[in-house]
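Report on the following structure.
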Amino acid sequence: MAQNQNMNAGFRAGLKNELPLWVQEELLTEETAKKLSEKYQLDELKVESSRLLSAVIFTIGSILLGGGVISFVAANWEYISSPVKLVILFTALIGLHVTGYFLWHIKGWTRLGHALIFCGCLVFGANVGLIAQIFHIRGDWYSGFGAWAIGSLVMAWAVRSWLIGLLVIFTSFIWFTGFGADYHERLATIYPFALAASLLPLAWIVRSRVLYAATLLGVIVAASIVPLFSSYQNGNVMLATIAASGFFVWALGEIHGTLNLREEFGNITSGLGLSVLAFGAYISSFHYNSDSSNKITFPWLLIVFIALSIAGLIILIKSESRRTWLLVGISGVAALLCASALLAGLSSNPNTDALTIISNIAAFTLGAAIIGIGITEERRAAFWLGSLYVILLILSRFLEYDTSLLLKSAAFLICGVLVIVAGVGYERHLRKKTVLGVSREKEAGAL
Amino acid sequence: MSKQMRLAVFVAALVIQVAILVGIPARRAYTLATGKSVSLKIRPVDPYDILSGYFVTFSFDVSVRANFPKVPDLGVEETCYAILERDADGSWKPVSLERSIPASLPENRIALKGQNRYGQIVYGIENFYIPETSRNTIQEDLNRNRDKAYVDIKVDSSGNAALERLRIEDRVYENK
């Protein structure tokens, strides 16, 4: 495991408890125990936990104080004159930001300072609404979220905050849905690119996996719903976009891991891509309906994602990834899903039965691939999630089509038995490997 | 990044946030400070806005195109200017709708900038925010005295308008 994963407080606390026992049972010498204690800074645990406790207490106290002040102001808001209201709003905004910065960068109280600046951005959003209210200004309902997003984005970059970055995703996405639904489909197409350009570099710089994955998710969801803003509302183009974007994000995750580019981003990104692909495959596995108009506005985003996916595929092939079988499987699945959705959406008279069968083959293949990851790489979560996904597909088919109760009950029973048998078999396999691994280490130690 | 650079970047971000907040009402504040006072009779409608609290939506006599004797052929969301004239009784009546603002107007006339939307002329002064505690009072007052409700607005030299207060008979509702 990477060192940072070993440094989590729970592991270190457990290690601190176990070390004396291991020394007593002569599994370790005192010297080895001392070296381990120094390596994992076990003596710092008490200090860190009291610092953490202080940070939590400060945060809760600040929130309660802030809540009290806000409630008091709100109760008397109607009786306060407009100039005084404006002074209160600007004082709160500037006060939170300046105090947060001071605590963060001068006193070194990182968590509290960061929390206060984040609160400042929340207050900024509230101020947008309150100032509009004071001057009786009403634009389109989503405009306020747009202003909130821009102000928060600027501050996120200024203080390098992943948390404010998440706020930007939330507020800008709300703006995007309102703006796009308000007959601005063409301009709304720019949003996924703008979101990626403004936040992916920030996530990269601050090494935040959460912000990176959340931004990619925001881009995928936004790109997928753009076709619904069109007057033609082609749902099958949406499915094709989900498939293409899911594959691209999965490939991106593999590239992170294979080429050692921010390797820590690899797993979460691949996992996100597979989840999106699985979601798209699941939706597609239900019987296709062709879009009645089979017309669309030009699908810029779908074209971009297909191009990016092809580029990602080429990079992975050239990098000689060890997991060739997975690369072939996942790209095949994505291609089948994308093609089926496009055919259903654009053909004047598509064979929807054939397309549905193809989508189900793709979905089951994807489930098998995820289970395969679990078995070959001994990743429990992948095995179980893959198994549950396959079971979900089977059960959905039985519930979707008109079958007898007896057949449905047989399906449920068989699926239940399969899950138990497969799970027990897998856990035994893992345990056997662990035991073999320990035996080999002991033999190597004895030699 | 050096400490000074980091501080400079932070201050710049804060200034941008303040500038956004100042920019939102800037035009309205300028209009309120420099504009001419006008009273318009209203016809209220009442929805609920979840983002900005409670508000009343107004419609005016000058919102209806048919009330203007002379109306050009306006496109959707095209900007236009309503020319209003003050009557002897102090009320403002519609005279004409123009595509551009006249270079000069007599003292008893003003130009009010609007947009042709959804078959009506919209001036940006159709929404009046009312505090939650006063909502029921104002709503009942409006329902009982529909024909006696006016809004006082200010109109600047470019035709932009800003709401000042709502008047129903001798009762005044405004942000102080």
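The charge dipole of the protein assembly as shown, taken about its Cα centre with unit charges on the Cβ of Lys, Arg, Asp and Glu (plus for the first two, minus for the last two), comes to roughly 820 debye. Counting Cβ atoms of other protein chains within 10 Å of each Cβ in B:127-134 and taking the mean gives 4.
Using C-alpha pairs below 8 Å separated by at least 6 residues, the relative contact order for chain A is 9 percent.
Calculation over all alpha carbon pairs of chain A in 10 angstrom steps from 0 returns a P(r) of 4, 15, 21, 22, 20, 13, 5, 1, 0 percent.
Based on the Cβ-Cβ distance of B:A29 and B:R117, what FRET efficiency does E = 1/(1 + (r/R0)^6) give at R0 = 35 Å, to the nearest 0.05? FRET efficiency, B:A29 to B:R117: 0.90.
Can you work out the FRET efficiency for the pair A:V424 and A:I106, with r the C-beta to C-beta distance and R0 = 60 Å, to the nearest 0.05? Don't skip to the end; give the middle numbers.
Values: r = 58 Å, r/R0 = 0.97.
Efficiency, rounded to the nearest 0.05: 0.55.
With a length cut of 18 Å (Cα positions projected on each helix's long axis) and a Kyte-Doolittle mean of at least 1.6, go through chain A and give me the DSSP H helices that pass. Please list the in-between numbers first.
On the way: long enough: A:9-24 (24 Å, -0.01); A:45-76 (46 Å, 1.35); A:82-101 (29 Å, 1.42); A:110-134 (35 Å, 1.44); A:143-159 (25 Å, 1.41); A:162-181 (28 Å, 1.84); A:190-206 (25 Å, 1.89); A:209-229 (30 Å, 1.99); A:235-258 (34 Å, 1.03); A:266-284 (27 Å, 1.13); A:300-318 (27 Å, 2.66); A:324-346 (32 Å, 2.03); A:352-376 (35 Å, 1.56); A:380-400 (30 Å, 1.36); A:405-446 (61 Å, 0.64).
The answer, listed by residue number, is A:162-181, A:190-206, A:209-229, A:300-318, A:324-346.
The lysine pair count for chain A, using Cα distances under 24 Å and pairs eight or more places apart or on different chains, is 13. Restriction of the GluC sites (Glu not before Pro) in region B:98-174 to DSSP coil positions whose beta-carbon has at most 13 other beta-carbons within 10 angstrom yields B:E107, B:E169. When B:R6, B:R144 are sorted by how many other C-beta atoms sit within 10 angstrom of their C-beta, beginning with the fewest, the order is B:R144, B:R6.
Using a Gaussian network model of chain A whose springs link C-alpha atoms within less than 10 Å, name the residue from A:F364, A:F298, A:F265 with the highest mean-square fluctuation. Of the options given, A:F298 has the highest mean-square fluctuation.
Over all residues in A:34-41, what is the mean tally of Cβ atoms on other chains that come within 10 Å of each residue's Cβ?
Values: counts 0, 0, 0, 0, 0, 0, 0, 0.
Partner-chain Cβ atoms within 10 Å, mean over residues of A:34-41: 0.
Across peptide A:80-90, the mean count of Cβ atoms from other chains lying within 10 Å of each residue's own Cβ comes to 2. Given their separation in residues at 0.36 nm each and the Cα-Cα distance between them, A:L163 and A:I315 gain 51.5 nm when the chain is fully extended. To the nearest ten degrees, helix B:135-144 and the longest principal axis of the Cα atoms of chain B are 10 degrees apart. Over chain A, dividing the summed -39,500 (n - 2.57) contributions of all DSSP H runs of at least 4 residues by the number of residues returns a 222 nm mean residue ellipticity of -27500 deg cm²/dmol. Helix B:3-34 and the longest principal axis of the Cα set of chain B meet at an angle near 10°.
Under the criterion of Cα pairs below 8 Å and six or more residues apart, the relative contact order for region A:96-164 equals 26 percent.
When chain B is treated as a Gaussian network with alpha carbon springs shorter than 10 Å, the biggest mean-square fluctuation among B:K41, B:K113, B:K70 belongs to B:K70. Under a model in which nothing but the beta-carbon of Lys, Arg (+1) and Asp, Glu (-1) is charged, region B:67-140 shows a dipole of about 140 debye around its Cα centre. Across the options A:I370, A:I306, A:F58, the greatest Cα extent toward the positive end of the charge dipole of chain A (unit charges at beta carbon of Lys, Arg, Asp, Glu) belongs to A:F58. Restricting to DSSP loop positions (anything but H, G, I, E, B) with no more than 11 other Cβ atoms inside 10 Å of their own Cβ, which chymotrypsin sites (Phe, Trp or Tyr not before Pro) remain in region B:86-127? Those satisfying the criteria are B:Y118. Could you identify which residue out of B:S100, B:S157, B:S59 has the top mean-square fluctuation in a GNM of chain B using Cα springs shorter than 10 Å? In the Gaussian network model the winner is B:S100.
Quick note: the coordinates plus some simple rules give every number you see, no bench work behind them. Since we're looking at a predicted model, the values are computed, not measured. Cβ: placed from backbone, ideal geometry, glycine included. Neighbour counts: every protein chain shown.
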